[in-house]
Amino acid sequence: MLEFRDTITTRGDFTLRADLRIEPGLRVAIIGASGSGKSTLLSLVGGFLTPDQGRILWNGQDITHLPPGERPASFLFQDQNLFPHLTVAQNVGLGLRPDLRLNGAQQARVSQVLDQVGLDGMARRLPASLSGGQQSRVALARVLLRARPILLLDEPFAALGPALKTEMLDLLSDIADQTGATVLMVTHDPRDARAFATETVLIQDGRADPPTPTGPLLDHPPPGLRAYLG
Amino acid sequence: MAARVLALRSGLGGPAVAAGLGALILGTLAAVAWQAQGLSGLGPWDWRAVRFTVWQAALSAALSAVLAIPVARALARRRFAGRGALVTLLGAPFILPVIVAIMGLIAVFGRNGAINEALRGAGLPEFIIYGWQGVILAHVFFNLPLSVRLILQGWQAIPAERFRLAESLGFAPRDVARHLERPMLRAVLPGVWLAVFLVCLTSFAVALTLGGGPSATTVELAIYQAFRFDFDLGKAATLGLVQIGLCLAAMVLARRISIPAAFGTGLDQTQGPRGPRGWRVGTDALAIMLAALFLLWPIMAVTVQGLPRIPSLPPEVWTAALRSVVMALISAGLALAMCLTLALAIARGRAAWIEAAGMLPIIASPLVLGTGLFILLRGWFSTDALALPVTVAINAIMALPFGLRALIPAAQALREDYGRLADSLDMRGLARLRHLTLPRLARPLGFAGGLAAALAMGDLGVITLFATDQPTLPLKLYQLMGSYRMTDASACAVLLMAISFALFWLFDRGGRLA
């Protein structure tokens, strides 16, 4: 279980408060206006920000001050999910060992996940020679390989077309099913939230609400969310 | 190496290097201050040196800036074959060893040079290159290209739309100058002047070779003379304090005027303003040709003289060359390690004092640092044992501000783009250095390393303080000049120039290919 215990995070004149719990294996959409603090919430879990007050727990263990690389989480950013100077296989292999000293079994694992996301034969290519969809698949292959129990998505597919985005979300669902990961996904698109997330965390007025079932929330949005959804 | 990697791992590398650098430079300056006797120790001769230092720097800067205007304007508004090469060439004097340029200037403007042949032929008085006029000539030779580049950047910073608007309004060249060009020059010229002034304020090799005597001694040269000829450490230290004071005063001035970066990008935008027709085509061509001639002729002259003589250079010149290459490589390696550690720490957003430490070398001139290190270390080591290590260390330190200027923006961009991804994948220490930092920063590292290596290779500064029987190549060249073996000296100059450019090219190229 992922818990925010009375966290208060202040950056300049912006403040985000969160006090909520997310059950393991749950898929949660994070919705809110631009600048409301959606990415801030993810960064708190990912370890790129530390709250000024309060604690963050995973399965009862305090992870508030753990460095990003030691957290039980994988992060997919809006962009820059791949290192342009490393091959596809190296980019994925980083998920196993950050120094890339992979043994035979580990290299086989890399090939295996590349096959699994439909990138067989691309292992030695550089990211720049791949399409946007293929680049997303490389990042997803690494997520699959790392198999961390929490998956943080900061609109990683926003630049893809609608069909490709659906494809990626399906692939992501498969991966989340396989690894049993708890998924937190920032999104601007209520359709993505409905399709992917059973529950939704609404961020408004500097506060992250506890997750509620996505369908009912979007069917009967509170006034702030209604204004945002239009 | 192991210690450095460990430090990188724990993120203490930056503060450690910055603290070490601060302690070294400030400690050295403190040693100089401790040894100094107070200003009463300075005689009228020394005060003349102070006055000469300031006025020659002011005049050199003014001449460079003013002469650069027509050249920069011509380069900004004309397109011709070889223009790109010429603009690139304007960056070359930065890594051209001072002593090589001086050989070239002597070949053209010296007693037996073409200029004086012509003057004699016309029955006019000769131009004497030794003395204040030679010092200023050499300073303009080095800083005219720098000024042209800086002013050209100013010209190209004027949006092309403005020039199009001016054209559509039917502006005459006079109107363009009044409404577009003069406002730009008013903004840019003070910075250009100050940049050149700062360079000339700590001029040593030029004054050593062309100056001297009561009318053309700079403070740096006076430090050298007090140190080498009078064995008067106290006086050398006092003069060192005066030099620090001059640099600090100039820095205060610099706080009011922003100095443009010397090597910016975007020097070659595709669409420049269309230049006016008529007689101005001729004057622009003349400005470009005169500038190119002024820069290329001395280098050509020394090359023509020296190149055929290289095979017959005495063996001690080759020994000196090898010694210099090794020293330059060590200097560049040290400079790169320090630059990279500092730049990464600065990119992580560590305190401003780290950046300040990296820029400290600007206030400490090489000879002041050399004097200070000698004062600190003489109790433990012999002068001979100190000469080469101190030279290597000071050359590495003096390259820092230039290296940092190239590396800090790159390190910041790297952190901005890939810092979070690397953090989330737990890339730390050596793994991060090898798979992220070095490959992504290869270009600026190659450039910075090339600058550091070329500057160290061509440096004729601290090494002159020590009477050593292990001369570097520039010192060997100076000794050949001193014994009037001018053909050997020209050959040596060509060799030195070739090695300096080759070192820069190798590093820079290596960085681009990595």
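For the stretch A:185-197, the tally of residues that are among the hydroxyl-bearing types (Ser, Thr, Tyr) and either under 17 Å from A:SER74 (Cβ atoms) or surrounded by fewer than 16 Cβ atoms within 10 Å (Cβ to Cβ) (or both) stands at 0.
Residues in the stretch A:47-76 that are of a type in the set (Asp, Glu) and not in a strand (DSSP E or B): A:ASP52, A:GLU70. Inspect the stretch A:93-105 for any residue being hydrophobic (A, V, I, L, M, F, W, C) and more than 14 Å from chain B (Cβ to nearest Cβ) and give the result as yes or no. Scanning the stretch A:93-105 turns up at least one residue that is hydrophobic (A, V, I, L, M, F, W, C) and more than 14 Å from chain B (Cβ to nearest Cβ). Within the set B:LEU293, B:LEU344, the sole residue that is open to solvent by 60 Å² or more (accessible area, probe 1.4 Å), at pLDDT 85 or above and assigned to a helix (DSSP H, G or I) turns out to be B:LEU293.
Filtered by the rule that a residue be open to solvent by 30 Å² or more (accessible area, probe 1.4 Å), touching a helix residue (DSSP H, G or I) at 6+ places or on another chain (Cβ under 6 Å) and closer than 29 Å to A:PRO72 by Cβ, the stretch A:123-148 gives A:ALA123, A:GLN135, A:ALA147. Scan the stretch B:476-493 residue by residue and report those that are open to solvent by 10 Å² or more (accessible area, probe 1.4 Å) and not small (Gly, Ala, Ser). Residues satisfying the conditions are B:LYS476, B:TYR478, B:GLN479, B:MET481, B:TYR484, B:ARG485, B:MET486, B:THR487, B:ASP488.
Mind checking whether some residue in the stretch B:369-382 is touching a helix residue (DSSP H, G or I) at 6+ places or on another chain (Cβ under 8 Å), at pLDDT 90 or above, buried (at least 17 other Cβ atoms within 10 Å of the Cβ) and among the aromatic types (Phe, Trp, Tyr)? No, because not a single residue in the stretch B:369-382 is touching a helix residue (DSSP H, G or I) at 6+ places or on another chain (Cβ under 8 Å), at pLDDT 90 or above, buried (at least 17 other Cβ atoms within 10 Å of the Cβ) and among the aromatic types (Phe, Trp, Tyr). When B:VAL17 is tested against the conditions (1) outside the structural domain of B:ALA498 (by TED's automatic domain parsing); (2) over 30 Å from B:ALA222 (Cα atoms); (3) surrounded by 20 or more Cβ atoms within 10 Å (Cβ to Cβ), the lone failure is (1). The residues listed here are B:LEU239, B:LEU194; of these, the one that is under 21 Å from B:ALA138 (Cα atoms) and in a helix (DSSP H, G or I) is B:LEU194. Restricting attention to the stretch A:208-230, the residues that are surrounded by 16 or more Cβ atoms within 10 Å (Cβ to Cβ) and of a type outside the set (S, T, N, Q) total 8. Can you spot a residue in the stretch B:343-365 that is of a type in the set (Ser, Thr, Tyr) and farther than 28 Å from B:LEU436 by Cα? The answer is yes; a qualifying residue exists. Among the residues of the stretch B:118-130, some residue qualifies, meaning at least one is assigned by TED's automatic domain parsing to the domain that holds B:ILE158 and open to solvent by less than 10 Å² (accessible area, probe 1.4 Å).
To keep it simple, each residue is scored yes or no on (1) touching a Lys or Arg at 6+ places or on another chain (Cβ under 9 Å); (2) more than 10 Å from chain A (Cβ to nearest Cβ); (3) not in a helix (DSSP H, G or I).
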residue: B:LEU407; (1), (2), (3): no, yes, no
residue: B:ALA410; (1), (2), (3): yes, yes, no
residue: B:LEU414; (1), (2), (3): yes, yes, no
residue: B:LEU421; (1), (2), (3): no, no, no
residue: B:ALA431; (1), (2), (3): yes, no, no
residue: B:ARG434; (1), (2), (3): no, no, no
residue: B:PRO439; (1), (2), (3): no, no, no
residue: B:GLY446; (1), (2), (3): yes, yes, no
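In this structure, A:ASP62 qualifies as more than 14 Å from chain B (Cβ to nearest Cβ) and of a type in the set (Asp, Glu). If the condition is being open to solvent by less than 10 Å² (accessible area, probe 1.4 Å), hydrophobic (A, V, I, L, M, F, W, C) and either without any contact (Cβ under 8 Å) to a residue 40 or more places away in the chain or over 15 Å from B:GLY20 (Cβ atoms) (or both), then the stretch B:347-368 contributes B:LEU367, B:VAL368.
Scanning the stretch A:88-105 for residues that are surrounded by 15 or more Cβ atoms within 10 Å (Cβ to Cβ) and not in a loop (DSSP other than H, G, I, E, B) yields A:VAL88, A:ALA89, A:GLN90, A:ASN91, A:VAL92, A:GLY93. Among what's in the stretch A:30-66 and is at pLDDT below 90 and open to solvent by 60 Å² or more (accessible area, probe 1.4 Å), pick the residue that is nearest to B:ARG348 (Cα to Cα). So the residue we want is A:GLY35. Among the residues in the stretch A:77-87, are any part of a helix (DSSP H, G or I) and either closer than 28 Å to A:MET1 by Cα or open to solvent by 10 Å² or more (accessible area, probe 1.4 Å) (or both)? Checked the stretch A:77-87: no residue is part of a helix (DSSP H, G or I) and either closer than 28 Å to A:MET1 by Cα or open to solvent by 10 Å² or more (accessible area, probe 1.4 Å) (or both).
The values are calculated or read from the model by the stated rules, or taken from the named source; none is laboratory data. Everything numeric here is computed off the predicted structure, so don't read it as measured data. Note that each Cβ is placed from the backbone with ideal geometry, even for glycine, and that neighbours are counted across all protein chains shown. We work out accessible area using only protein heavy atoms, side chains counted, and drop any ligands, DNA or RNA first. Shrake-Rupley method; radii C 1.70, N 1.55, O 1.52, S 1.80 Å.
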